[in-house]
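Asker: Sharing a structure here in structure tokens format.
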Amino acid sequence: MSLLPLAATASSVRPVTGLLPAWMDPNEFLRDPALAPWLVLIVCAFLFVETGLLVGFFLPGDSLLFTSGLLAATGIIQVPVGVLAGAAFLAALGGDQTGYLIGRKAGPALFNRPGSRFLRGEYADKAHNFFLKYGRRSVVLARFVPIVRTFLPVTAGVGRMRYGAFLAYNALGALLWGAGVTLLGFWLGRYAWIGANIDLIFVVIVVVSFVPVGVELLKSRRHKGSQ
């Protein structure tokens, strides 16, 4: 079974499907070229909400970026990888900037609302501890940590981190995470075995995407039970 990289075109990679029904098979419902601009917008919207609007902490940004690059490499979505990576970078950059500004304007009051199911104090504490441990570089490192990447920009804003420094670290993090993970998926997607088993990989990515959120929910329930 060959693992040699192939050219990233629809004609060079002919995925073999069968695990998923046709209506769930990415080869079937994503191949329409007319969908390409909408797919880019959807990816950007998810990234922006996850990194900038607090309530998006449960969204699987890592998996979305990786899968987008993977599907671009196999020709399933007709989007140039440069456009996809650039759009992901801008969405991630804008999301963190928004989170930072929310923190500057609203501050700790956001996490002190009684009865809130989403803006939990423990999420803010987790991001705050991460920020204290790693300092300014936490803005970059948090990109790769689910939930923390949603709340850390707010923490930086609450802590009045210098805007210029935050913008620089944010840009670096958006480049490494937004563009980097997309390009990683694209690179791996050019291997023959990946293209031939895209439906199986699609299922695995979806399942793995929600593992961190499931772990956090279990921790939260155990914490409540121990009180």
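Asker: Just order 160-167, 139-146 by mean Cβ neighbour count inside 10 Å, highest at the front, would you?
Answerer: On the way: 160-167: 14.5, 139-146: 21.5.
Packing proxy ranking, top to bottom: 139-146, 160-167.
Asker: Tell me which residues come under 5 Å, amide H to amide H, from GLY159 once H is placed; ignore anything under 5 positions away on its chain.
Answerer: Answer set, sorted by chain and number: none.
Asker: Further, regarding this structure: If the chain between ALA192 and LEU53 were fully stretched, how many nm would it gain, using 0.36 nm times the residue separation less the Cα-Cα distance? Could the numbers behind the result be given before it?
Answerer: Numbers: separation 139, 0.36 × 139 = 50.04 nm, distance 3.82 nm.
Extra length available between ALA192 and LEU53 comes to 46.2 nm.
Asker: Follow-up question, since we're still on this one. With θ taken as phi - 60° and the coefficients 6.51, -1.76 and 1.60, list the Karplus ³J(HN,Hα) couplings across the stretch 132-137 in order, rounded to whole Hz; mark glycine and proline as x.
Answerer: 5, 6, 10, x, 4, 5
Asker: What residues qualify as long-range amide H neighbours of TYR191, i.e. H under 5 Å apart, gap of 5 or more or another chain, H built at 1.01 Å from N?
Answerer: Here the answer is LEU6, since their amide H atoms fall under 5 Å of that of TYR191.
Asker: Continuing with the same structure: So, by mean Cβ neighbours within 10 angstrom, what's the order for 122-131, 63-72 with the highest one leading?
Answerer: On the way: 122-131: 19.0, 63-72: 25.0.
So the order, starting with the most tightly packed, is 63-72, 122-131.
None of the figures in this text is laboratory data; all of them are computed from the coordinates on show. Remember, it's a predicted structure, so these values are computed and weren't measured experimentally. Don't worry about glycine lacking a Cβ; one is built from the backbone with ideal geometry, like all the others, and counts go over all protein chains shown.
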